[in-house]
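**Q** Before I ask anything, let me first share the structure, which is written out below as structure tokens.
We did not get these values from a lab; they are worked out from the coordinates using the rules stated. If you're wondering where the values come from, they're calculated on a predicted model, not measured in any experiment. Cβ sites come from the backbone with ideal geometry, for glycine too, and all protein chains shown count toward neighbours.
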Amino acid sequence: MPTYHYRCKSCNYDFTEQQSFTDDPITVCPKCGEEQVRKVYSAVPIEFKGSGFYRTDGASHSK
């Protein structure tokens, strides 16, 4: 089950919650009770594996 990161815009409370893909997002802050909670999105790291991704992998480069 995925874990989602949330932050309240009202009190800045940060928390994580395990939820199913079909669950509705949390909108009410568990700390202050305001309806100001939003999901926090962050960049997902990308890892390139295999040949062809690096300049030193032997591909010919024209200059």
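**Q** Cβ-Cβ distance below 9 Å, separation of 6 or more or different chains: which pairs start in the range 9-22 with a residue that is over 14 Å from E34 (Cβ atoms) and end on one that is among the charged types (D, E, K, R) and outside any loop (DSSP other than H, G, I, E, B)?
**A** D14/R7
**Q** A further question on this structure: Restricting the first residue to the range 27-48 and requiring it to be among the hydroxyl-bearing types (S, T, Y), which pairs with a second residue that is outside any loop (DSSP other than H, G, I, E, B) and surrounded by 10 or more Cβ atoms within 10 Å (Cβ to Cβ) meet a Cβ separation below 6 Å and a spacing of at least six or different chains?
**A** T27/V37
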